C-alpha cells in the first residue's frame, strides 16, 4: 500500500465523521494555498538550531555533518495525517537512509514541552515558525478554519503558541546546506512518498 492510498483511506474515515459544515471548511482550506511561492531547489539555507522534544538543541550543521539531511515539516502531533506519515517514514524510509549516511528529522511549529513522540528519529520544535517562514512554508490560519479546529478540540494557541501552521513538506539538504529536493503539499491530506525521498537522496 502506498502512503497516498493510506492517507486517502484515513481522510475518507475522518471526513465521514465530521459535521458537513466543518468538512466543507477544511476541504476549502486544502485548496487555498495553490500558487504560493516556496523555497526552491538550488537555494542555500541558513544554519539553524532548534530544540528537540526533550529540550536538547540540534543544529542543521550537525544533521548534515556526515551526509544529507531529510527535513520533514509537519503540522503537529495533533494531526492524524502527520502521524500516519511519520510512522510510515520511520518504517519504510529510515532503515534505507542509514546506510546512505543520511539523517531524518521532523520539524513542526509545536512547542517542545508537549508529549514525547514515539519515533526513532529527532523531532524538533520550530516554535514561532522561524525556520519554516524563511522557506515559505508558514501561513496564518484563517478565521473559518480556526473556528472549525476549535470545534474539533484543537487550540493552536495552546499547542503552538500562535495560530500559524506550516504546509507539510519534505526537503533534502546536502552537506553545503543547499536544497537538492523540495516537495511541498498545501493540500495537507497528501504527502511525499518514501520512494520519492529515497530516490532524491540516492541521486546526490
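Values in this text are rule-based calculations from the coordinates and carry no lab data. What you see is a predicted model, and the numbers here were worked out from it, not measured in a lab. Here Cβ is always computed from backbone atoms with ideal geometry, including for glycine, and neighbour counts include all displayed protein chains.
Points worth noting:
- In this simple spin-label approximation, residue 65 and residue 157 carry label points 7 Å from Cα along the Cα→Cβ vector, and these lie 4.1 nm apart.
- Dividing the convex hull volume of the alpha-carbon atoms in the chain by its residue count gives 112 Å³ per residue.
- Between residue 38 and residue 147, the C-beta separation translates, for a Förster distance of 30 Å, into a calculated FRET efficiency of about 0.65.
- Between residue 49 and residue 176, the FRET efficiency from the beta-carbon distance, with R0 = 25 Å, is close to 0.85.
- DSSP-defined antiparallel bridges as percent of all bridges, the chain, nearest 5: 70
- The fewest-to-most ranking of 85, 154 by surrounding Cβ atoms within 10 Å reads 154, 85.
- Between the helical axis of 3-16 and the longest alpha-carbon principal axis of the chain there is an angle of about 20 degrees.
- Virtual paramagnetic centre 7 Å along Cα→Cβ of residue 100, amide N under 16 Å, in segment 178-204: 178-183, 192-204
- The mean sequence distance of close C-alpha pairs (under 8 Å, at least 6 residues apart), as a share of the length of segment 15-91, puts its relative contact order at 12 percent.
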